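J.: One structure is given below, represented as structure tokens, and several questions about it will come after.
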Amino acid sequence: MPHSSDRHRAHGGVLHHAHGGVLHHARGYEIVSMLAFGGFRRHTYDALVHASGAQPGDRVVDVGCGTGYLTRRAAVAVTHTGTVTGVDPSPQMLALARRHAPPTCTFTEAGGERLPVDDGTADRVVSCLAFHHIPPELRADAVREMHRVLRPGGRLLVADFRPPRAWPARHLLGAVAGPAMRYDGSDEVLAAVEAAGFHDVTTGRQRPLLFVVTATRP
Ligand SMILES: C[S@@+](CC[C@H](N)C(=O)[O-])C[C@H]1O[C@@H](n2cnc3c(N)ncnc32)[C@H](O)[C@@H]1O
């Protein structure tokens, strides 16, 4: 039976509704992630935290936090006076995240489409490599949730995988890492962010394989 995401294949082999799903193999994910960033993981995630504008004292929410690498890097930026809440539906990923996190980090089991966070209480919402893991029909809900939990003036940063443009590299990656790795979600993220009512929307890249969208809640 074909993977559901394969039913949405577009011209040129770029998938537009690929779905990575909930991850369970926390240690395996850590190894793959470290290898994939080739020694630049900390540098890349610190650049994302910097782009989010996180400052000492901020309350940050990390959506689809997985094993908590971005959560921990954000915790460094907000210092002991701030807090970071990691949210992910995978208990296995959260168990590993909790093991390595400082006391300023807390973790909650939930999907991004229903954030267990009060309205207007976050200074920053960040999310890395998680958007394509949210079921396609829930992605707009997840971005509306990010908008709901941010305070007015609060900043959003969503980064996700941007597959190589050249089709041989894209197909090789898809064959090795699964069809979701051929998915370029930048247009979908941008559309959802604008539809949710964010302002000051910017797009960019971090390293060759990540796109980044930032925006402000008015
Ligand atoms: C590739 S990992 C990224 C983890 C982490 N943000 C990082 O950069 O290392 C994607 C994560 O999204 C999570 N996920 C799956 N469905 C989700 C949903 N509906 N809402 C939020 N996160 C989800 C997965 O369980 C997984 O931990």
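J.: Could you check, for the range 43-59, whether at least one of its residues is among the acidic types (D, E), within 15 Å of S127 (Cα to Cα), surrounded by fewer than 22 Cβ atoms within 10 Å (Cβ to Cβ) and at pLDDT 95 or above?
T.: To start, the set of residues in the range 43-59 that are among the acidic types (D, E) comprises 46, 58.
This time we only want the ones that are within 15 Å of S127 (Cα to Cα), so: 46.
So of that shortlist, the ones also surrounded by fewer than 22 Cβ atoms within 10 Å (Cβ to Cβ) come out as 46.
Subsequent filtering for residues that are at pLDDT 95 or above retains 46.
So far as the range 43-59 goes, yes, one or more of its residues are among the acidic types (D, E), within 15 Å of S127 (Cα to Cα), surrounded by fewer than 22 Cβ atoms within 10 Å (Cβ to Cβ) and at pLDDT 95 or above.
J.: Which of the following residues is in contact (Cβ under 8 Å) with a residue 40 or more places away in the chain, within 17 Å of the chain's Cα centre (by Cα), more than 12 Å from the ligand (Cβ to nearest atom) and open to solvent by less than 40 Å² (accessible area, probe 1.4 Å): A122, A26, A75? Show your work before the answer.
T.: Working: A26 fails: more than 12 Å from the ligand (Cβ to nearest atom); A75 fails: in contact (Cβ under 8 Å) with a residue 40 or more places away in the chain.
Exactly one residue qualifies, and that residue is A122.
J.: Only one of (1) more than 10 Å from the ligand (Cβ to nearest atom); (2) modelled with pLDDT under 95; (3) open to solvent by less than 20 Å² (accessible area, probe 1.4 Å) is not met by G82, so which one is it?
T.: Of (1) more than 10 Å from the ligand (Cβ to nearest atom); (2) modelled with pLDDT under 95; (3) open to solvent by less than 20 Å² (accessible area, probe 1.4 Å), only one is false for G82: (2).
J.: For the range 90-99, check the following and say yes or no: at least one residue is at pLDDT 95 or above, away from the ligand (no atom under 13 Å from the Cβ) and crowded, with 24+ Cβ neighbours inside 10 Å.
T.: No; the residues of the range 90-99 include none that is at pLDDT 95 or above, away from the ligand (no atom under 13 Å from the Cβ) and crowded, with 24+ Cβ neighbours inside 10 Å.
The values are calculated or read from the model by the stated rules, or taken from the named source; none is laboratory data. Values in this document were obtained by computation on a predicted structure and should not be read as measured data. Neighbour counts are summed over all protein chains in view; Cβ atoms, including those assigned to glycine, are modelled from backbone coordinates with ideal geometry. Only protein heavy atoms, including side chains, enter the accessible area calculation; ligands, DNA and RNA are left aside. Shrake-Rupley method; radii C 1.70, N 1.55, O 1.52, S 1.80 Å.
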